[in-house]
There are 6 protein chains.
Amino acid sequence: FQSETEKKDEIGVATGLAWTANGGDITTIEVLTFEGKGNLQITGQIGDVMQESAQAALSFIKSKAKQLNLKNDFFEKIDIHVHVPEGAVPKDGPSAGITLAVALISAVTEIPVKKDIAMTGEITLRGHVLPVGGIREKVLAANRIGIKTILIPEKNIKDLVELPEQVRNVLEIIPVNHMDQVIFHTFGTETPKRKESPTRETKKKPEKGNEPVLN
Amino acid sequence: FQSETEKKDEIGVATGLAWTANGGDITTIEVLTFEGKGNLQITGQIGDVMQESAQAALSFIKSKAKQLNLKNDFFEKIDIHVHVPEGAVPKDGPSAGITLAVALISAVTEIPVKKDIAMTGEITLRGHVLPVGGIREKVLAANRIGIKTILIPEKNIKDLVELPEQVRNVLEIIPVNHMDQVIFHTFGTETPKRKESPTRETKKKPEKGNEPVLN
Amino acid sequence: FQSETEKKDEIGVATGLAWTANGGDITTIEVLTFEGKGNLQITGQIGDVMQESAQAALSFIKSKAKQLNLKNDFFEKIDIHVHVPEGAVPKDGPSAGITLAVALISAVTEIPVKKDIAMTGEITLRGHVLPVGGIREKVLAANRIGIKTILIPEKNIKDLVELPEQVRNVLEIIPVNHMDQVIFHTFGTETPKRKESPTRETKKKPEKGNEPVLN
Amino acid sequence: FQSETEKKDEIGVATGLAWTANGGDITTIEVLTFEGKGNLQITGQIGDVMQESAQAALSFIKSKAKQLNLKNDFFEKIDIHVHVPEGAVPKDGPSAGITLAVALISAVTEIPVKKDIAMTGEITLRGHVLPVGGIREKVLAANRIGIKTILIPEKNIKDLVELPEQVRNVLEIIPVNHMDQVIFHTFGTETPKRKESPTRETKKKPEKGNEPVLN
Amino acid sequence: FQSETEKKDEIGVATGLAWTANGGDITTIEVLTFEGKGNLQITGQIGDVMQESAQAALSFIKSKAKQLNLKNDFFEKIDIHVHVPEGAVPKDGPSAGITLAVALISAVTEIPVKKDIAMTGEITLRGHVLPVGGIREKVLAANRIGIKTILIPEKNIKDLVELPEQVRNVLEIIPVNHMDQVIFHTFGTETPKRKESPTRETKKKPEKGNEPVLN
Amino acid sequence: FQSETEKKDEIGVATGLAWTANGGDITTIEVLTFEGKGNLQITGQIGDVMQESAQAALSFIKSKAKQLNLKNDFFEKIDIHVHVPEGAVPKDGPSAGITLAVALISAVTEIPVKKDIAMTGEITLRGHVLPVGGIREKVLAANRIGIKTILIPEKNIKDLVELPEQVRNVLEIIPVNHMDQVIFHTFGTETPKRKESPTRETKKKPEKGNEPVLN
Ligand SMILES: [Ca+2]
Ligand SMILES: [Ca+2]
Ligand SMILES: [Ca+2]
Ligand SMILES: [Ca+2]
Ligand SMILES: [Ca+2]
Ligand SMILES: [Ca+2]
Ligand SMILES: [Ca+2]
Ligand SMILES: [Ca+2]
Ligand SMILES: [Ca+2]
Ligand SMILES: [Ca+2]
Ligand SMILES: [Ca+2]
Ligand SMILES: [Ca+2]
């Protein structure tokens, strides 16, 4: 199952816990950004509620642009594509909210998400983490697939009582109630920041041919 | 229930009273603004009538831009995101009108809404407050959750007669018929105004690099 | 019923007569304009036919821009919001056409509509007033609510024969067949004109900071 | 029936013959143009086929812009509103094509359509006139309402045999197979042309305030 | 049937063979171009598949812009209207692909299509001609209406065996498998080219009034 | 079957393996690019899932723009048309993902795809290749049609066990798990690059006629 759990750190990728008709499963959220005009595209047979979750996650991140060291017009000059494989499997619900936010933060800061961590929780515009359903099934699936650490909403702690002793010993289960905590556990810092890239900027300039002549 | 009643003052947040199949409940309205092109986005499984309420609330506020100390092109340079958690629960109806207006005013003036106050009432473009349904259930829910003060439409006073003596003693119930009164009770002033931020403007300029050189 | 009949003169507001499943009623049409890009927004659960009425009313007014003393690009620099409370009650039909036109003229000229007057009638692009249904019920409702004067399409005069003597004595019923007459009776003049506001224009300039320096 | 048959010459108005469940009737097509961005709006509960007819009629006219003495960017700087009262009555079908074209030509050239003339016929992009249904009913309705002259597609001549002698004596029925003929009969000339308005252009300039100062 | 078979050469017109519930028929495709912003409009009650055919035909032609002697930004400065009379008759299917392409090439090069030729065949983006259905019915209809030459997909040759001897003697049936052949047979040359019109360009300039003054 | 298997190398074309109700088949993906504004158009009766596949394939390629030697604003200045003949046959599913990516890479780099190769596999935003259904039927169809080499997802190797010995001897079946491998096998290099065309750029300039005259 190595490929499904995404062992490698990668930029713009986060692992969610999903609750399906067949029990718990994990979901990979992929985010790419490229030059554009501020559009957000979401693919992977995503339902209305999950689309709204992605929009809420993006707005939360826009409101933290300064802390993430993103320039004023950062979001107006890129397009964002959020994709959730497998492309033919319908997905919905609010519980991917914090996973979407983590993948988006990773994509815009270009900082990879920590390895072997998965998460579930609804996000609000202010970054609060709301409880979700299917916790028991999600945790069992994470354990089965080899995840080491999972983040769950604080209000879902009560749902853990039924888990087998063995699972609780292997898995680190971290309750969270705000994105600040989610960010700390997924990036290893409370303040992930995009690095300025003055070199790249300098390289680009000649292509535009608008260099001021200093003489 | 501390997190649900939003004890902390926060900018861009207001608490409404909702009437659902399960009785009364409270609803948090969240508003974020960020650099943009004048778009309004509403998420949280919001029905047609409630979407139109949000648009009416926004237009009312646009017509008061000068009084709120917002610049001429203020609304053309931002995008506004209104979200109503929980994201998977469908919401509709006109009764969140004044709550939407209060959250929007808080967001654009950057002034927090007073604590422990909830409200219900349809808004018109001119700021009149129209009566709504489910007053008894809404008031009982507010009391149960720990709200101190609620605003209801003046024309709904007649619906209060059936409330238990005990509830009427604990809760301050304020009838309103215009947004002027709603604003006074939620912001503590009839004239909330956005502070000018000349410092920030000055800081931004160097980023644009278009300063005329005077020599 | 003071609030429903809108006793106060107000800008951008006109009172229509509606014909519902429950008999006649009055409808308030609210119009706000603000800086924008030429968009028209119509809210209040408005059906297709009534939306087209609003568009026809607006086009009629655009064709009279010069007579209303509106500048060449007046409509390209504003957005217009038409709202018809109560927001949850579906409304439709062509009979609000002239009321929509009156509310729009009031909003763009900033001249209030006369008090205690209500109206019904379909509008055409050229300002003709076409007959509508439910005249008897509408007139009775206007009388009941305290309206003093109502405008009805000339071709609906035949529908008045069944009204009680007492109603015809109290109410002034004015037949109209063109918007010229509607405008005269609602604004007290055949030529309502927006006042030039050179002072305001002068005040705006410094905000843009593009003043040529004459030295 | 004076108002229905539009006895007065008016700009942007043409009279069509319609075939309804209740037999033949006449339809007034109204066209307004005003400053805009090249948009076409069609109201009056118009079905898909009739909307496409209006678009075909407009494209035909755009292809004749030079002959109509319209400037190169004439259509990019105006919006066009086509309305067909009565606003609540659904209308459809291709047979209003030539009437739509005549009303549009009248609106853009500012030349009124001749009096007492009505017409029916599908239009193609190249201005051909195709046959339509309900000719007998349409002609009888035109006669009943007081129309003097009607234009019908040449291929519909065969449908006239069943008309009463009396109707054929009173009505002038003119078969047409191309818009050239339709234009000749409705405008009294094969080449209606918009008058240049140099005076108006000169008056506009001071409003823009961008005149270079030559000194 | 003279008008249906379009005896005259005309620009922007091509004749297709259609297969309907009533047997074979011919379809005229009309294309107009005029100043615009790169929009494609398709009218005539056209179904999804046929709309996609028109888009594929247009893309094929855009990819051949240089060979057709069209300027770099040719397609960005025009709007294209494709109409298929009779406007009320629903049409669909991929078999008008090559006819759409021929009408579009004629419109953009301003070169008329040869007389008395009709065609059927699906087009691909690279100009390949794919087989279609109803060949026997289409050929019989072409013969009945007086068409002299028809183009059919090479892979449909096998469908011709059932045609009567007499039809095969009168009609010239040309199999094609690429648009190169279709273009040769419909324009009489493999390389139709739009004529430069320097005179017209020169005439336009004074209208814009932005001529630099050289003194 | 020569035309179906596309024996010739061509730019912007790739061959997929499809799984239909009638068993396996091959699908040609065609891509054209031309001057435009960054739009993506997909035709050929393509379902939602396959449309999302095309968008994911395009985003993957945009994220590799630098490696493909595409300029910064390359994708903003072109429109892309993806077409999948036969135009009337509905197509859907995620399994054309890598074929879409290969056809797109060929179109934007102007490098033809190798001959006699077909492929199947879902693509993710990061270029991973996910398993698909119908492998046995697809391979048998490729063999029947004369394909020499096919690429299948690594995770589908297990589906090959049931193939006849004879098929496994004739066909080269290459398992892939990332687009890097797909690109190597379809272009013969891991790094296909668009050639700079300075000559063409130089030729274009005179067409714009805005050359500054230095004298
Ligand atoms: Ca899975
Ligand atoms: Ca859930
Ligand atoms: Ca709740
Ligand atoms: Ca309610
Ligand atoms: Ca009422
Ligand atoms: Ca009515
Ligand atoms: Ca009538
Ligand atoms: Ca008809
Ligand atoms: Ca026919
Ligand atoms: Ca066919
Ligand atoms: Ca096939
Ligand atoms: Ca599949």
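The values are calculated or read from the model by the stated rules, or taken from the named source; none is laboratory data. Remember, predicted model here, so these are calculated numbers, not experimental data. Here Cβ is always computed from backbone atoms with ideal geometry, including for glycine, and neighbour counts include all displayed protein chains.
Read through the list (1) within 19 Å of B:ASN177 (Cβ to Cβ); (2) at pLDDT 90 or above; (3) among the β-branched types (Val, Ile, Thr), then give the number of the only condition that C:THR43 fails.
For C:THR43, the exception is condition (1).
Quick one: would you say E:VAL49 is in contact (Cβ under 8 Å) with a residue 24 or more places away in the chain, of a type in the set (Val, Ile, Thr) and at the interface with another protein chain (Cβ under 8 Å from one of its Cβ atoms)?
yes
Six or more apart or on different chains, Cβ under 8 Å: which pairs go from a residue in the stretch E:72-84 that's touching a residue at least 24 places away in the same chain (Cβ under 8 Å) to one that's part of a loop (DSSP other than H, G, I, E, B) and β-branched (Val, Ile, Thr)? Could you list them?
Filtered contacts from the stretch E:72-84: E:HIS83/D:THR124.
Only one of these conditions is not met by D:LYS158: (1) modelled with pLDDT under 95; (2) over 26 Å from D:ILE61 (Cα atoms). Which number is it?
Result: D:LYS158 passes all but (1).
Which one of these is crowded, with 20+ Cβ neighbours inside 10 Å, away from ligand 7 (no atom under 16 Å from the Cβ) and over 25 Å from C:GLY188 (Cβ atoms): C:ALA101, C:ALA88?
Going through C:ALA101, C:ALA88 in turn, the sole match is C:ALA88.
Would you confirm, using the coordinates I've provided, whether F:ASP79 is out of contact with any helix residue (DSSP H, G or I) (no Cβ under 7 Å at 6 or more places or on another chain) and away from ligand 5 (no atom under 16 Å from the Cβ)?
So F:ASP79 fits the description; yes.
Would you be able to say whether some residue in the stretch D:124-134 is in contact with a Lys or Arg (Cβ under 8 Å, 6 or more places away or on another chain) and free of Cβ contacts under 8 Å to residues at least 40 places away in the same chain?
Scanning the stretch D:124-134, I find at least one residue that is in contact with a Lys or Arg (Cβ under 8 Å, 6 or more places away or on another chain) and free of Cβ contacts under 8 Å to residues at least 40 places away in the same chain, so the answer is yes.
Of the numbered conditions (1) of a type in the set (Gly, Ala, Ser); (2) in contact (Cβ under 8 Å) with a residue 60 or more places away in the chain; (3) under 29 Å from F:LEU32 (Cα atoms), E:ALA142 fails exactly one; give the number of that condition.
For E:ALA142, the exception is condition (3).
Taking the condition of being surrounded by 23 or more Cβ atoms within 10 Å (Cβ to Cβ) and either of a type outside the set (A, V, I, L, M) or within 14 Å of chain B (Cβ to nearest Cβ) (or both), how many residues in the stretch A:106-119 meet it?
So the count comes out to 2.
Between B:VAL82, B:VAL113, B:VAL89, which is β-branched (Val, Ile, Thr) and either in contact with a His (Cβ under 7 Å, 6 or more places away or on another chain) or farther than 23 Å from C:ALA88 by Cα (or both)?
B:VAL113
Is it true that A:LEU130 is away from chain B (no Cβ under 14 Å) and either surrounded by 20 or more Cβ atoms within 10 Å (Cβ to Cβ) or β-branched (Val, Ile, Thr) (or both)?
no
If I go through the stretch C:146-170 residue by residue, how many of them are surrounded by 18 or more Cβ atoms within 10 Å (Cβ to Cβ) and more than 14 Å from chain D (Cβ to nearest Cβ)?
Matching residues across the stretch C:146-170 total 5.
Going by the structure shown, is E:ALA57 more than 7 Å from every other protein chain (Cβ to nearest Cβ), within 25 Å of D:GLU122 (Cα to Cα), surrounded by 24 or more Cβ atoms within 10 Å (Cβ to Cβ) and of a type in the set (A, V, I, L, M)?
Against the criterion (more than 7 Å from every other protein chain (Cβ to nearest Cβ), within 25 Å of D:GLU122 (Cα to Cα), surrounded by 24 or more Cβ atoms within 10 Å (Cβ to Cβ) and of a type in the set (A, V, I, L, M)), E:ALA57 does not qualify.
Which of (1) among the basic types (Lys, Arg); (2) out of contact with any helix residue (DSSP H, G or I) (no Cβ under 8 Å at 6 or more places or on another chain); (3) under 30 Å from E:GLY47 (Cβ atoms) does F:LYS91 not meet, given it meets every other one?
(2) is the only condition that F:LYS91 fails.
If I filter the stretch C:61-68 for residues that are under 21 Å from C:ALA118 (Cβ atoms), crowded, with 18+ Cβ neighbours inside 10 Å and more than 16 Å from ligand 7 (Cβ to nearest atom), do I get at least one hit?
Scanning the stretch C:61-68, I find at least one residue that is under 21 Å from C:ALA118 (Cβ atoms), crowded, with 18+ Cβ neighbours inside 10 Å and more than 16 Å from ligand 7 (Cβ to nearest atom), so the answer is yes.
Among the residues of the stretch D:78-105, write down those that are within 7 Å of another protein chain (Cβ to nearest Cβ), assigned to a loop (DSSP other than H, G, I, E, B) and either at positive phi or at pLDDT 95 or above (or both).
Answer for the stretch D:78-105, where residues must be within 7 Å of another protein chain (Cβ to nearest Cβ), assigned to a loop (DSSP other than H, G, I, E, B) and either at positive phi or at pLDDT 95 or above (or both): D:PRO85, D:GLY93, D:PRO94.
Within the stretch B:120-162, work out how many residues are assigned to a helix (DSSP H, G or I) and out of contact with any Asp or Glu (no Cβ under 9 Å at 6 or more places or on another chain).
The total comes to 11.
Hey, E:PRO153 hits all of (1) in contact with a helix residue (DSSP H, G or I) (Cβ under 8 Å, 6 or more places away or on another chain); (2) within 26 Å of F:GLY12 (Cα to Cα) but one; which does it fall short on?
For E:PRO153, the exception is condition (1).
State all residues of the stretch D:26-46 that are within 12 Å of D:VAL84 (Cβ to Cβ), at the interface with another protein chain (Cβ under 7 Å from one of its Cβ atoms) and buried (at least 21 other Cβ atoms within 10 Å of the Cβ); if no residue qualifies, say none.
Scanning the stretch D:26-46 gives D:GLU30, D:THR43, D:GLY44.
Is it true that C:PHE74 is modelled with pLDDT of 95 or more and over 26 Å from C:VAL132 (Cβ atoms)?
So C:PHE74 fits the description; yes.
If you go through the stretch A:29-58 one residue at a time, how many are of a type outside the set (Lys, Arg) and part of a loop (DSSP other than H, G, I, E, B)?
Number of matching residues: 6.
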